[in-house]
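The structure appears right after this line, and notes come after that.
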Amino acid sequence: MKNTNSQQDRVEYIRVANYYYKFGLTQEEIAQKMSMSRQRVNRILAKCLENGIVKIVIPELEETHLELETELEEKYGLQAVRISKSLSDEQLYSELGVTASRYLMSVINEGDIIGFSRGRSVAALVEKTDSKKINDVTVIQLMGSWNSDDMKVSSDDIVHRFSEKIEARAAMLYAPVVVNSKELRKSIMNEPFFKQTYETIKACTIAAVGIGDTRYKEILPTIGHEEYEYIKRKNAVGEICTHFFDEAGNRIVSPFSERVISIGFDDFLRIPMRIGVAGSEEKIPAIIGALNGRLINVLITDLDTAEELKQYKK
């Protein structure tokens, strides 16, 4: 392959590039027109890019976060990353909801079973979803509920509202997230209705979950002070569907695990698409833990958080 040092070579390269990129000729057509092999045309086009004769510009790229999304996908081995604007408080959740809803609606197919956890980010996803019928879809809780939850952020209300928006079947657990004893949990889980519902949970194809952080005991309102102190001593930074983990992504089995009604940890990891929706500086350790443990394989977050995740040293 000749280099492009001579003016004659450079003109030839520019001519090939002009035919290919501006006039839309195929490599075979260019080869015939310029009396050269198609392989030589291919090599010239590669050199045009390499030497800056051709520069690919995407005019609207600067208005998106595509480059940062791609960097994070590669860094953390994710199927997809979508980034929203960085705002504060309720506006942040609203923007996360718009971005998460747009992504979820783009990947749902007929026959999908979609599981939801609880929380403000997942509730915002539902709030920002436009009504659109999708055939043969089931929506289900991944965890129980509790009375102290704001109705809009509880898993049962999220499932009910989303199923209405896309006219899907709703499957409910009708159980609290934490019960008083492991004996009671065992009794509930042995009920025929619960067993049937849990089989549907295990068949989920998509999960949409929030990522809780452990700064406050209220992460699970029904856990006691000693139980909360236990997970803090174990360096827990985050929680998904009542399963706690540290910054390295290692699972932390809590004292109240035997009282929790939720999708099992291993069953959760078997769901093919696990969408985590979370943002803000406070949640960065929890998000990093979820990424390091590969608890999620799709991330919806805000721009400021995404920039921090880019800088994080794995």
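Does I271 count as hydrophobic (A, V, I, L, M, F, W, C), without any contact (Cβ under 8 Å) to a residue 40 or more places away in the chain and in contact with a Ser or Thr (Cβ under 8 Å, 6 or more places away or on another chain)? Answer is no for this residue.
If you check I134 against the conditions, is it buried (at least 21 other Cβ atoms within 10 Å of the Cβ) and of a type outside the set (K, R)? Walk me through it before giving the result.
Details: buried (at least 21 other Cβ atoms within 10 Å of the Cβ): no; of a type outside the set (K, R): yes.
The answer is no for I134.
Which of the residues spanning the range 199-230 are of a type in the set (K, R) and at pLDDT 90 or above? Listed by number, the list holds a single entry, K202. Kindly check whether there is at least one residue in the range 235-250 that is in the same structural domain as G97 (by TED's automatic domain parsing), touching a Phe, Trp or Tyr at 6+ places or on another chain (Cβ under 8 Å) and either farther than 28 Å from A175 by Cβ or surrounded by fewer than 20 Cβ atoms within 10 Å (Cβ to Cβ) (or both). No, the range 235-250 contains no residue that is in the same structural domain as G97 (by TED's automatic domain parsing), touching a Phe, Trp or Tyr at 6+ places or on another chain (Cβ under 8 Å) and either farther than 28 Å from A175 by Cβ or surrounded by fewer than 20 Cβ atoms within 10 Å (Cβ to Cβ) (or both). Has the range 48-64 got any residue that is in contact with a strand residue (DSSP E or B) (Cβ under 7 Å, 6 or more places away or on another chain), in a loop (DSSP other than H, G, I, E, B) and either basic (K, R) or loosely packed, with under 12 Cβ neighbours inside 10 Å (or both)? Within the range 48-64, not a single residue is in contact with a strand residue (DSSP E or B) (Cβ under 7 Å, 6 or more places away or on another chain), in a loop (DSSP other than H, G, I, E, B) and either basic (K, R) or loosely packed, with under 12 Cβ neighbours inside 10 Å (or both).
Yes/no per residue for (1) at pLDDT below 95; (2) hydrophobic (A, V, I, L, M, F, W, C); (3) within 24 Å of G293 (Cβ to Cβ):
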{"position": "D89", "(1), (2), (3)": "yes, no, no"}
{"position": "A100", "(1), (2), (3)": "no, yes, yes"}
{"position": "I113", "(1), (2), (3)": "no, yes, yes"}
{"position": "V126", "(1), (2), (3)": "no, yes, no"}
{"position": "S148", "(1), (2), (3)": "yes, no, no"}
{"position": "A168", "(1), (2), (3)": "no, yes, no"}
{"position": "M172", "(1), (2), (3)": "yes, yes, no"}
{"position": "K182", "(1), (2), (3)": "yes, no, no"}
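For the range 240-314, list the helices (runs of 4 or more DSSP H) that sit wholly inside it and hold at least 2 residues that are touching a helix residue (DSSP H, G or I) at 6+ places or on another chain (Cβ under 7 Å); which are they?
Numbers: elements: 265-269, 284-292, 303-311.
Where helices (runs of 4 or more DSSP H) fall fully within the range 240-314 and carry at least 2 residues being touching a helix residue (DSSP H, G or I) at 6+ places or on another chain (Cβ under 7 Å), they are 284-292, 303-311.
Could you check the range 20-35 and list, in sequence order, the residues that are in contact with a helix residue (DSSP H, G or I) (Cβ under 9 Å, 6 or more places away or on another chain), modelled with pLDDT under 90 and not aliphatic (A, V, I, L, M)? Passing the criteria: only K33.
The values are calculated or read from the model by the stated rules, or taken from the named source; none is laboratory data. Every value quoted in this text rests on a predicted model; they were computed, and no experiment measured them. Every residue, glycine among them, receives a Cβ derived from its backbone with ideal geometry; neighbour counts consider all protein chains shown.
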